[in-house]
Every structure is written in structure tokens, then in C-alpha cells.
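Data block below; observations after.
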Amino acid sequence: MTPPRLVLADQIIEGFAPDGAPLIHTDAAILIEAGIVVAIGPASAMRAAHPDVETLGGRGKVVMPGLINAHHHVGLTPFQLGSPDYPLELWFASRMALRDVDLRLDTLFSAFEMVASGITTVQHLHSRAPGGAGAVLDAARKVIGAYREIGMRASYSMALRDQNRLVYQDDQLFTESIPEAQRPALRAFFERFTLPLDEQVAVFETLHAELAEEPRIRLQVAPANLHWLSDEALEQAAALSSRYCLPLHMHLLETPYQKAYAQRRTGGSAVAYLERFGLLSDRMTLGHGVWMSEADIEQCAAHSVRVCHNCSSNFRLKSGIAPVNRFLAKGIPVCIGIDEAGVNDDRDMLQEMRLVLRAHREPGIDAPHPAAEQVLRMATEHGAATTPFGTRIGSLRPGSEADLVLLDRETITRPYQHAQTPLIDVIVHRAKPSAIEAVMVGGEVIYEGGRFRRIDREMVLEAIRESLAAPLSPAEVDRQQLSEAIFPHVKAFYDRWLPDEPGAPHTFYNSR
Ligand SMILES: [Zn+2]
């Protein structure tokens, strides 16, 4: 149990009013007891009422709610491990060659980057772990254990997925379409990821029971994407969500190929198809949504569906630019996910927020663009709402978990910032990780002055360096060869999938 504490600052951003107006306290303090925000008010009165309580912060400081990375998968980035930025569908083939990294070290690596940029909660979408139920459970426990070790809050999910493991077609059909000599290696690859649906559900249930008493770790349901789930698996995802009252996070319409896939499978739109399974509600967050039509957007708004905007990822994997201004115009709550990695190939939430601020500035004096306040709300309150923690995080309202970031205003503004520039504009436009003095989760300072309180970052980085200094294992060599052999067939598979002639330029914006 952490002792009571007062956090003092020139300005404290409590959160946002229902109409989106920021709630900012000047010369203020937050009283924290048992990890919870008990009160927020004028610093002098709070100090007088609690003279013996330990303090953090003070003059020149700014406090904001902890940031939420609402869509995250891995530690070392695919780029670091040898997979460059291809269009998503080719990238899946290229990623077959990734090296094996110890999951504890891997998870800690990105957790360091996240916490150092002000992220207190992550939505960890574990895309795949090879092997049987025991191996998948072990993988989940390693990831969860790493978050427990560093002290971060995490919403964990092992993605549900039961088909089309490489291209948007049945594994066996695709295997039969490639040269015979390459088929055994591809079959062996698929064999590693064939945990039956009922065993995937059993893994979920085991983890759910294990995490029942965990204050900072929750489980949620993540149907991976329409092409990865059979109808039976979609039904199972809906059933799990309602049985355990848990939110869902699902990739959808990330690329034009996924839009074409939905048309081929369902005769219509992916969003409309999900409605048949009862999957459209305020419990559902759709990751990406780049290729939603106006009708899709209206349907999502009508069902209070949320959207996770993965801006860097959409740029890097040539997915396009999500119609974020349309989402906002329809009142869809948008959150932010860094996905695999941001434009600097790291997990810097302050930079990702800045990218979201800049990427949707449509030409034209009266054309829409997100405001800095909207972007901060995406990265806090709206991100929180996509996790099982809900309204307990994402703001510093009394009763909330004390997850917060202490910033040094001088570091952000040196040597000068016009006094009338609103605080949130200053933070979203200019704050870098170097301005973060401390990060608190559940009332516990887990990061301060560039150091992690519970764990030595340098030791972990050194362990990663050492483990990957070894030459490729025979299994890694095999996967690399398979990836190279299969790549041209994956590329050929998508020929003529899009309405334009092959090779014709596709519009950067979703043309709807
Ligand atoms: Zn993703």
C-alpha cells in the first residue's frame, strides 16, 4: 500500500467535461490515498489540511492524466528484427522471418518506451503465440508478468483467430496454390498456429480466473480481424464479451484489400456484417477503420462503437489516412494506438499525439481538423473507455486511480512561450519525453528522473543485446527462407483485388 501523498503543480489537467471542455486547476494539489485520487483543489488549502503528507511536484510543474496506448502488440519492432515497412498484406509474409525474442524482455523493452513518454495503461493485443494451450498460456503469463514487474497498468488479450493465417484465403487452398516444393514448410508454419477455437476460449477462461485479484491487469476480448475469424469465432467473441461483461478490440478495414475481402465474403461491408453477430455496441473498439464508408461511419455512430486510430502504422504500412474528421463529426469516440511502432520506430505517445494533430489538417479555411484538446482527450479518456478499467482511469476525477504524469513546464517552453497559448496546446504541440519528471500508476511512482523505480532498464537492454547477438537458430533460418520463398506468391495472390488496374495509383485518402 502506497502512503498518502499530495501532488502539487501550477496547473493540473483533471480531464474533460462531457462537452469536451478541459477541466484545469491552477495552483492546485491532488490528494492521493491508497492509490486513488481522493480530492483535487487549491494547493494552499490542501497543504494546510494535510501538513504531514509526502509531496511530489511543486512550482513550475504541470500534471496530466496518464496516457493510454490503446493498441499495442510487440516490444522490439518488426523493423529492428528485419522486416521493413511493406504494405500490410506483404508485411505479414515478411514478418514470418522475425527472430524469436524472450517475451519478458521484449515486453519490458516497449514498456520502457511507453512509460518514458507518459503512458500508464496499454492495451496489449497479443497477436499470436505458437504451440498448444500450455505454450500459449505461458506466453501470455510472460507478457503479463513483465507489466506486473515494471508496474504498468495493462489490458491484455490473446487475439482470437481461427482461419486465413497468411493471406485472405483458406490456409490449405493457398498452400495448394504455391509450388509443391515449398508446401511442406508452409504447412509446418501453419501447424504452429492451429490452436482450436475451444482451446483458445479455455486459455481465455484460465487467464480470466488467474487475473481476478490483479489491481493493474485486466483481460479483454480481441477478435483479431474479420478475415481471421470464421462465423463461429465471431459468435464466440460476442459470447465471451457478454458472458464476462468485457470490451472487445478488433482490427477492421485497415487496408483497401480488407474492404475487398469483406465484399467477397459478405457481399457488403465488414461493419454491417459485424452487426449480424451483435458485435456493434459501445463495448466494441474497431482498430484502424481506415477504409470505412460514410454508411459504415454512420452505423458505428448509431451503435456507439469506438474507433482506435493507429496513425503511424497507417502511414508506415501504406494503409492510408483514416477519416478521423468524419469520425469526430459523427461523435464517435476516437482513441489512439501506436500499434507496432510510431514514425520514429519507437513508442512515444507524445509524438503520436502530435502526428494525429497534424495528419488530419484538411486543406481549406473551413475544412475540419482535430484540436489539441480533442487529441489529448483521445489519448486519455477515450483510450480508457476502450479498456476494462473504463472510467476508473483516463482522468484525475476524485475516485479515479492515481495514474498521472508530472511534467516540467520549463523544459517544454524554454526559452519562451506566449502566456496566452492554452496549456493543452502547449503540451500537445511541444512536450517531449524529456519534459516528463515522473509517472505514477495507482499512486506509485514507477518512473522518476529518467529511472524506473522497480527495474534496471540497462540490464534488460543488455540481456536483449546478448540474446540476439547469437547467430540465427535453425528454426529462425528456416522461417527466413520460407518467408523469402513465399513472398512473391503472397504478392501475386493480391493481384487484381482492387478495382483499379494493377499498378494504378490508389488514392491516399479513402475514396469511399
Ligand atoms: Zn494492430
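Observations
- Annotation for the range 355-461: chymotrypsin sites (Phe, Trp or Tyr not before Pro) lying in DSSP loop with at most 12 further Cβ atoms inside 10 Å of their Cβ are TYR416.
- A full extension of the chain between ALA492 and GLU180 corresponds to an added length of 110.7 nm, given 0.36 nm per residue minus the alpha carbon distance.
- Distance (nanometres) between label positions extended 7 Å along Cα→Cβ at ALA212 and ASP138: 2.6 nm
- Computed lengthening from ASN344 to ASP231, 0.36 nm per intervening residue step minus Cα-Cα distance: 36.9 nm
- Here the relative contact order of the range 67-392, from alpha carbon pairs under 8 Å that lie six or more residues apart, stands at 20 percent.
- For the range 211-244, GluC sites (Glu not before Pro) meeting the loop criterion (DSSP other than H, G, I, E, B) and having at most 16 other Cβ atoms within 10 Å: GLU213.
- Taking every C-alpha pair closer than 8 Å and separated by at least 6 residues, the mean separation divided by the residue count of the range 308-401 gives a relative contact order of 23 percent.
- Simple point charges give the picture: +1 on the Cβ of Lys and Arg, -1 on the Cβ of Asp and Glu, and for the chain a dipole about the Cα centre of about 560 debye.
- With all pairs of separate Cα atoms included, the chain yields a Kirkwood hydrodynamic radius of 23.6 Å.
- With contacts taken as Cα pairs under 8 Å at a separation of at least 6 residues, the range 436-478 carries a relative contact order of 20 percent.
- With a 1.4 Å probe rolled over the protein heavy atoms of all chains, the accessible area of HIS382, HIS288, HIS208 falls in the order HIS208, HIS382, HIS288, largest first.
- On Cα atoms only, tilt of 349-359 relative to the major axis of the chain in degrees: 70 degrees
- FRET efficiency, 1/(1 + (r/R0)^6) with R0 35 Å, evaluated for ALA302 and ALA367 via beta carbons: 0.90
- Taking all protein chains into account, the per residue accessible area for the chain stands at 40 Å² (1.4 Å probe).
The values are calculated or read from the model by the stated rules, or taken from the named source; none is laboratory data. Predicted model only: the values in this text are computed from it and were never measured. No Cβ is skipped: glycine too gets one built from the backbone with ideal geometry, and neighbour counts run over all protein chains shown. Note: accessible area is taken over every heavy atom of the protein model, side chains too, but ligands, DNA and RNA are not part of it. Shrake-Rupley method; radii C 1.70, N 1.55, O 1.52, S 1.80 Å.
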